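Participant: Once you've had a glance at the structure underneath, I'll fire off some questions.
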Amino acid sequence: MTRGTYLEPASLDEALRLLAEHDGAALVAGGTDLVVGTRQGKRTLPETLVAIHRLPGLDGIAEEDGALAIGALATHDAIERSELVRGRWTALADASAIVGSPATRHVATLGGNLANASPAMETGAPLVVFGAEVELRGQGGSRTVPVEGLWAGPGRTTAAAGEMITGVRVPAPADGSGSAYVRLEYRRAMEIAVVGAAALVTIGAGAVSDARVALTAVAPTIVRSPAAEGALRGREPTAEAIAAAAAAVHDAATPISDVRGSDAYRRAMIEVMARRAIDVAARRAAGEAVPIPATMTVGGTR
Amino acid sequence: MATAAQTKFIRPDGKDKVTGLGRYTADLTMTGMLHACFRYADHAHARIRSIDTAKARALPGVFYVMTDKDVPDVRYGPFVEDRTLFARDVVRYEGEVVAAVAATTPEIAREAAALIDVDYEPLPVVSDVEAALADGAPLVHEGWSGYSASGDVVREGNDASRSTIVKGDVDAALASADAVVKERYVADMSHAVPIEPHAAIAQWQGDRVTVWSSTQVPYIARSGVATTLEIPEGHVRIIVPHLGGGFGGKCEFHYEAHVAALARATDRPVRLVFSRSEEFFAPDHRREGQVIELETGVMNDGTLVARRGRLILDNGAYSADAPFFPQLAAMHAVGPYRIPNVSVDASLAYTNTTPSGSVRAPTAPQACWAVEQHMDSVAASIGMDPVELRRRNILKEGDTTATNQVLEPIGAAETLERAVELIGYGKALPEDEAIGVGCGWWPSFGGPSGAFVKLNGDGSGTIITGAQECGTGAVMALPILVAEELGMRPEDFSILAQDTDAGGWDAGASGSQTTFNNGRAVIEAAREVRAQLLELAEEELEASREDIELVEGAARVKGSPTKSVPITTLADKAQGDRLLLGKGSGSPPPSPDVDASGCTGRLGMETFAAPTFITHAVRVRVDRETGVCRVLEVAASHDCGVILNPVGAEGQVEGGVVMGIGMATLEGSIVGEDGRQRNPHLLDYKLQTSADAPPISIAFVDAPSPYGGPKGSKGTGEPPCVPTPGAIGNAIAQVTGARVHQLPMTPERVWAAAHGVDA
Amino acid sequence: MSHACTLQVNGISYPLELDAGRTLLTVLRGELGLTGAKEGCDDSECGACMVLVDGRPVNSCSYLALQADGREITTVEGLAKGGELHPLQAAFLDEGGVQCGFCTPGMLISAEALLRRNPNPSEDEVRLALGGNLCRCTGYQKIARAVLAAAPGANA
């Protein structure tokens, strides 16, 4: 491990200045990706570390102008426990509640999760179905990108050098909506998605007026399934309609084989996860209180 | 009065462990200590053309870079001497040590190890056991026939040990059977995974070396260091600080000699601490993969008439203690059942993978997983309930085994009845749940073991023993046994152990043997002390020793409770005058007769001395769509003889059951065609978590064994992980209607079987 | 370059000069001589290294020491007070929840974090809260019982 330089800015502006001044500097918040990756020998720790875990004002979880504003430093533990998130952005609570272990959730942040850009990240698919926007800030100013536009591939983002994720703005789902995130997991703790799916279903007058479906760990980034969404719109959310929509996710799923599962298994499972996510979302849209996390209510580890 | 075993006795090392003040090997630091790091083979099979250590040696902070040239020319191995400390000419698996570095920090040592230039000529990799035994397969050891080996090991080419058991006429019996079921099962490699990784520190004083090591077997480690470094055994002292679990993974002699050699070369203490990934691929003690083919003939009334078996076990690249595995696996291929006609043939194939070795009940969970699923298939073939089939064939007193061992009174049938009763076999269940049952057996291992017991002037006692505690509860059972002999409390005794210069020889925390053998030794030692106390008490009480008893911390005249003298008083009087000291080893219990004339490759496993019998019943829910299983409840019934330490015995059962669930469902190494493990870390080699582990109810058949250890006890440490995977396999098959023929029965494999997909 | 910092561990202040990449675990075990927290894995999967940072459970193997500057750190060595075992420590011993003991420090810390937040957990809540602490000896049953027995709300 490098002896390196450790910098702990007192303000966001200082953090951005340090990031700009130190080429190749890395931000560290909870350290659960960066430090773990180093210990596993996947990478060496960057020469300069800019520790942002104590930056003030970046860990908020609040409703702003009808949308959910989450600071980049909000932890999964805080997100999972937020009544605001649980009530209207339920799929995100479903996801944060199953990240790693309690210890992971206490330090790992939403910003870190997004920046790590793993296609298996839990919070990605929920943010995609909600149409979240990520705020990126650099010394030159700030910009927002749709969350799907943040990821360039496994472990890669479109953030420019010197830019950091400061927060996420998540639009409120329309009235009559429900959402859910479900993953395939082999144990009841310490898991990572083998595949996963998030769904947002809005029901009006007995039929699906809007639907979003996003898939985890079946492509180089989190992806949406337009075919599944299209199959739901205008339909009554019956078991048959939901199954048909789930069967359509293969338009977007191009899984690989690895130690966690073969491509064939992942293909079969993404359909199951999508169906379960859509089903829970529809039930929640109808007012049913399906417990959080949904995975442990409808999955094999329940 | 409650016996000591029934009284709540807190483990003597407990406070040290809960306060965090207890030291494990990696917690120790020596003045001037250097840090060791290994350079492992870069290929699973390759010829070494050259090793250039110049760059590594030039790195500031590096004290020494060691290779094969720096140590004596010694081959070693408990059955077959096929190993060297450092790779010589050829590397045969990814974790083979090519070089070792000693440096001022672990980071520098790691950097230096990476700077060693090794030029290789890659050789064909043998990673599949059946391919290894095929005609014309590349030899993992070209010079195998030149290795010294125990005369009883039957070897040929890549088959490192072959064993057969034949009884009766299998062909004729299969021909006459009402139904014949033939199946094939494959078990993947898995691991012991103690939570503490290996660690060792060596420090020389003159020509003697002390090694603090996380070993389960300090006396065997001592021999290993002496043999490989060609120094007298008396010059080697092994001390084991607190040991963070073993489960077989820390059996055998591992890396003590490497650190001792580095410490001698540098005139510094040297410490080696493994990372978790090294823990997976380097040590020669993982649980071997198996290919198991079984064919069974049964009559319509459920009588088993014949069993044919062909097993190939994966030895890995070198022979640790695995050469006795084929015979042991062959015994498990028959299982705890009466089968009059048996023919089992088992081989141990060399491959270019991490060497196998004893891991908690070696060979048994895998073989039993196949046999117990096979039993359910046999039951289905005649339309019989699987528990009923077992009931009709399970071994009982007077039955003979495949090696014609006549069984003493045993509780096998009772374990079956109690387990199915505990779980509520037959009760109504949701459609995605089922109950599976598995039976198994496991021998006790009698052998030499030594201990001393002394009483100190203040009346406290010290047990000086060769026994090794690795979380198994030896530190509880031994004081309980000694205290009972002396009419004292277990709390009155301290234990001096895990130091080869102190205690007598012991086989270590292996083979479920500690209480079985060392318990006998401490009782014998305590009886000597008892005699000494009675002699003192005769003078004090003016009574003859026949009339004196030791109870409640006092010597007292039987029938006259007021005529007594405290043991503390006797100990005080003896101090400085007479030594209250006893020694013990004791003869191992007699071994039952067998007729193994039908066996070849005999390495002692034809006898199942004081066998433990086990039945586990599991309730499992299967998510049919994903193949994900959750074990909801386990009932475990064991005949492990008389229970000496209930808390310890329960801990063994509960831990063994959960290890078995892990093996059944998720624990398996994925080995690439290049011979490398692809998941040598805990995120993708998944142990059961507390959230996964089910409630476990236990019923001990608490009956004495005539061939048993102290008070008729049997081994308890290993059996609990034996029948769990098979029971789970049976439950899965009942839910899905499809049997899973590969272990671990991962969600993908369960799904593939249920949906008719090739996984 | 080294960086000055002060770690507050079990109520004691330790002024230190540390390199940037040092993990909290290596500093606790090295400079501070507190070896209760263990290193059991490479990927923050085993929980043997767990400590409390400002009352929250943290895997100290993947947390930079400098990030803990000025924060209140509790290791397993800090649980017993005035020679008295912490109720969790006593319960682990009473219930037989300790075998090899290597996971015990992390288990105790996880359990302490749980009970501070939820003084009366259900067994499933206990089992989920300890999900990041692997144990190979006990099968978790006696550990779960110990945590339930030590819960302040257990007898309420």
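Participant: Quick check: is even one residue across region B:47-69 closer than 30 Å to B:R11 by Cβ and of a type outside the set (F, W, Y)? If you could, list the steps in order and put the result at the bottom.
Facilitator: Taking region B:47-69 as the starting set, the residues that turn out to be closer than 30 Å to B:R11 by Cβ are none.
For region B:47-69, residues closer than 30 Å to B:R11 by Cβ and of a type outside the set (F, W, Y): absent.
Participant: Further question: Tell me the strands (runs of 3 or more DSSP E) entirely within region C:47-156 that contain at least 3 residues that are within 24 Å of C:E17 (Cα to Cα). Give the steps one after another, and end with the answer.
Facilitator: Details: elements: C:50-53, C:56-59, C:72-74.
In region C:47-156, C:50-53, C:72-74 are the strands (runs of 3 or more DSSP E) which contain 3 or more residues that are within 24 Å of C:E17 (Cα to Cα).
Participant: Could you please let me know if B:V209 is more than 14 Å from every other protein chain (Cβ to nearest Cβ), closer than 30 Å to B:A380 by Cβ, part of a strand (DSSP E or B) and aliphatic (A, V, I, L, M)?
Facilitator: On the way: more than 14 Å from every other protein chain (Cβ to nearest Cβ): yes; closer than 30 Å to B:A380 by Cβ: no; part of a strand (DSSP E or B): yes; aliphatic (A, V, I, L, M): yes.
Considered against the rule, which asks whether it is more than 14 Å from every other protein chain (Cβ to nearest Cβ), closer than 30 Å to B:A380 by Cβ, part of a strand (DSSP E or B) and aliphatic (A, V, I, L, M), B:V209 comes out as no.
Participant: Right, next: Which numbered condition trips up C:A68, out of (1) touching a Phe, Trp or Tyr at 6+ places or on another chain (Cβ under 7 Å); (2) more than 9 Å from every other protein chain (Cβ to nearest Cβ); (3) not basic (K, R)?
Facilitator: Among (1) touching a Phe, Trp or Tyr at 6+ places or on another chain (Cβ under 7 Å); (2) more than 9 Å from every other protein chain (Cβ to nearest Cβ); (3) not basic (K, R), the lone unmet condition for C:A68 is (1).
Participant: Take the residues in region A:247-264 that are free of Cβ contacts under 8 Å to residues at least 12 places away in the same chain and in a helix (DSSP H, G or I); name whichever of them is farthest from the other protein chains (Cβ to nearest Cβ).
Facilitator: Keep residues of region A:247-264 that are free of Cβ contacts under 8 Å to residues at least 12 places away in the same chain, which gives A:256-259, A:262-264.
Then drop every residue that is not in a helix (DSSP H, G or I), which leaves A:263-264.
On the way: A:D263: 11, A:A264: 7 Å.
For region A:247-264, the residue satisfying everything is A:D263.
Participant: Do any residues in region C:105-134 that are within 14 Å of C:G55 (Cβ to Cβ) have Cβ atoms under 7 Å from those of residues that are among the β-branched types (V, I, T) and outside any helix (DSSP H, G or I), where the two are at least six apart or on different chains, and which pairs are they?
Facilitator: Cβ pairs passing all conditions: C:I109/C:V51.
Participant: Follow-up question, since we're still on this one. For the condition within 14 Å of another protein chain (Cβ to nearest Cβ), outside any loop (DSSP other than H, G, I, E, B), surrounded by fewer than 20 Cβ atoms within 10 Å (Cβ to Cβ) and touching a residue at least 12 places away in the same chain (Cβ under 8 Å), what is the one hit in B:E111, B:E107, B:E121? Don't jump to the end; show me each part of the working.
Facilitator: On the way: B:E107 fails: touching a residue at least 12 places away in the same chain (Cβ under 8 Å); B:E121 fails: within 14 Å of another protein chain (Cβ to nearest Cβ).
Being within 14 Å of another protein chain (Cβ to nearest Cβ), outside any loop (DSSP other than H, G, I, E, B), surrounded by fewer than 20 Cβ atoms within 10 Å (Cβ to Cβ) and touching a residue at least 12 places away in the same chain (Cβ under 8 Å) holds for just one of B:E111, B:E107, B:E121, which is B:E111.
Participant: Is there a residue in region A:234-248 that is among the hydroxyl-bearing types (S, T, Y) and closer than 24 Å to A:A117 by Cα? Quick ask: steps written out before the conclusion?
Facilitator: As a first pass, look at region A:234-248 and keep what is among the hydroxyl-bearing types (S, T, Y): A:238.
Restricting the remaining residues to those that are closer than 24 Å to A:A117 by Cα gives none.
Checked region A:234-248: no residue is among the hydroxyl-bearing types (S, T, Y) and closer than 24 Å to A:A117 by Cα.
Participant: Also, quick follow-up: I'd like to check something: does region B:153-174 contain any residue that is closer than 30 Å to B:L687 by Cα and outside any helix (DSSP H, G or I)?
Facilitator: Step one: list which residues in region B:153-174 are closer than 30 Å to B:L687 by Cα, which gives none.
Within region B:153-174, none of the residues are closer than 30 Å to B:L687 by Cα and outside any helix (DSSP H, G or I).
Participant: I've got another one for you. Inside region C:3-35, can you point out the residues that are in a strand (DSSP E or B), away from chain A (no Cβ under 12 Å) and among the β-branched types (V, I, T)? Walk me through it before giving the result.
Facilitator: To start, the set of residues in region C:3-35 that are in a strand (DSSP E or B) comprises C:3-9, C:12-18, C:23.
From the residues that got through so far, the ones that are away from chain A (no Cβ under 12 Å) too are C:6-9, C:12-16.
Residues satisfying the conditions are C:T6, C:V9, C:I12.
Participant: Can you spot a residue in region B:556-564 that is of a type in the set (S, T, N, Q), assigned to a helix (DSSP H, G or I) and surrounded by 14 or more Cβ atoms within 10 Å (Cβ to Cβ)? Full working, then the answer.
Facilitator: If we filter region B:556-564 for residues that are of a type in the set (S, T, N, Q), which is where we start, we get B:560, B:562, B:564.
Now restrict to residues that are assigned to a helix (DSSP H, G or I): none.
No, region B:556-564 contains no residue that is of a type in the set (S, T, N, Q), assigned to a helix (DSSP H, G or I) and surrounded by 14 or more Cβ atoms within 10 Å (Cβ to Cβ).
Participant: Let me confirm something: among B:A263, B:A257, B:A226, which residue is buried (at least 22 other Cβ atoms within 10 Å of the Cβ), of a type in the set (G, A, S) and out of contact with any Ser or Thr (no Cβ under 6 Å at 6 or more places or on another chain)? Lay out the reasoning, then the answer.
Facilitator: Values: B:A257 fails: out of contact with any Ser or Thr (no Cβ under 6 Å at 6 or more places or on another chain); B:A226 fails: buried (at least 22 other Cβ atoms within 10 Å of the Cβ).
Going through B:A263, B:A257, B:A226 in turn, the sole match is B:A263.
Participant: Moving to a separate point now. Taking C:E77 and the conditions (1) over 29 Å from B:H198 (Cβ atoms); (2) within 9 Å of another protein chain (Cβ to nearest Cβ); (3) of a type in the set (D, E, K, R), which numbered condition does it fall short on, given that it satisfies the others?
Facilitator: (1)
Participant: Check C:D43, C:D69, C:D54 and return the single one that is modelled with pLDDT under 95 and not assigned by TED's automatic domain parsing to the domain that holds C:G131. Break it down into steps so the answer makes sense when it comes.
Facilitator: Numbers: C:D69 fails: modelled with pLDDT under 95; C:D54 fails: modelled with pLDDT under 95.
On inspection, the qualifying residue turns out to be C:D43.
Participant: Regarding B:A649, is this residue closer than 15 Å to B:P720 by Cα, within 14 Å of chain A (Cβ to nearest Cβ) and not in a strand (DSSP E or B)?
Facilitator: On the way: closer than 15 Å to B:P720 by Cα: yes; within 14 Å of chain A (Cβ to nearest Cβ): no; not in a strand (DSSP E or B): yes.
So B:A649 does not fit the description; no.
Participant: Further question: Kindly indicate whether C:Q89 is buried (at least 24 other Cβ atoms within 10 Å of the Cβ), more than 12 Å from chain A (Cβ to nearest Cβ) and under 27 Å from B:G662 (Cα atoms).
Facilitator: Values: buried (at least 24 other Cβ atoms within 10 Å of the Cβ): yes; more than 12 Å from chain A (Cβ to nearest Cβ): yes; under 27 Å from B:G662 (Cα atoms): no.
Judged against the criteria, C:Q89 is not a match.
Participant: Out of curiosity, is A:G31 closer than 18 Å to C:R22 by Cβ and either in the same structural domain as A:D258 (by TED's automatic domain parsing) or part of a helix (DSSP H, G or I) (or both)? It would help to see each step written out before you state the result.
Facilitator: On the way: closer than 18 Å to C:R22 by Cβ: yes; either in the same structural domain as A:D258 (by TED's automatic domain parsing) or part of a helix (DSSP H, G or I) (or both): no.
Against the criterion (closer than 18 Å to C:R22 by Cβ and either in the same structural domain as A:D258 (by TED's automatic domain parsing) or part of a helix (DSSP H, G or I) (or both)), A:G31 does not qualify.
Participant: Moving to a separate point now. For region A:2-25, does any single residue satisfy the condition of being closer than 19 Å to A:T75 by Cα, in contact with a strand residue (DSSP E or B) (Cβ under 9 Å, 6 or more places away or on another chain), of a type in the set (D, E) and more than 10 Å from every other protein chain (Cβ to nearest Cβ)?
Facilitator: no
Participant: Right, something else. Which condition number does B:H374 fail, the rest of (1) surrounded by 24 or more Cβ atoms within 10 Å (Cβ to Cβ); (2) in contact with a Leu (Cβ under 8 Å, 6 or more places away or on another chain); (3) not in a helix (DSSP H, G or I) being met?
Facilitator: Condition (3) is where B:H374 drops out.
Participant: Filter region A:176-189 for residues that are on the phi < 0 side of the Ramachandran plot and either in contact with a helix residue (DSSP H, G or I) (Cβ under 7 Å, 6 or more places away or on another chain) or not assigned by TED's automatic domain parsing to the domain that holds A:A217 (or both) and give the result. Can you show your working first?
Facilitator: Taking region A:176-189 as the starting set, the residues that turn out to be on the phi < 0 side of the Ramachandran plot are A:177-189.
Correct list: A:S177, A:G178, A:S179, A:A180, A:Y181, A:V182, A:R183, A:L184, A:E185, A:Y186, A:R188, A:A189.
Participant: Could you say which residue among B:I728, B:I670, B:I732, B:I661 is among the hydrophobic types (A, V, I, L, M, F, W, C) and within 10 Å of chain C (Cβ to nearest Cβ)? Walk me through it before giving the result.
Facilitator: Numbers: B:I728 fails: within 10 Å of chain C (Cβ to nearest Cβ); B:I670 fails: within 10 Å of chain C (Cβ to nearest Cβ); B:I732 fails: within 10 Å of chain C (Cβ to nearest Cβ).
When all the criteria are applied, what remains is B:I661.
Participant: Just one of B:L570, B:L536 is surrounded by fewer than 24 Cβ atoms within 10 Å (Cβ to Cβ) and farther than 24 Å from C:V98 by Cβ; which is it? Let's see the steps before the verdict.
Facilitator: On the way: B:L570 fails: surrounded by fewer than 24 Cβ atoms within 10 Å (Cβ to Cβ).
Selected residue: B:L536, the only one of B:L570, B:L536 that is surrounded by fewer than 24 Cβ atoms within 10 Å (Cβ to Cβ) and farther than 24 Å from C:V98 by Cβ.
Participant: While we're here: Would you check if C:G11 is on the phi > 0 side of the Ramachandran plot and either surrounded by fewer than 24 Cβ atoms within 10 Å (Cβ to Cβ) or of a type in the set (G, A, S) (or both)? Even if it seems obvious, please write down each step before you answer.
Facilitator: Details: on the phi > 0 side of the Ramachandran plot: yes; either surrounded by fewer than 24 Cβ atoms within 10 Å (Cβ to Cβ) or of a type in the set (G, A, S) (or both): yes.
For C:G11, the condition - on the phi > 0 side of the Ramachandran plot and either surrounded by fewer than 24 Cβ atoms within 10 Å (Cβ to Cβ) or of a type in the set (G, A, S) (or both) - is met.
The values are calculated or read from the model by the stated rules, or taken from the named source; none is laboratory data. For clarity, every value in this text was computed on a predicted model and none was experimentally measured. Don't worry about glycine lacking a Cβ; one is built from the backbone with ideal geometry, like all the others, and counts go over all protein chains shown.
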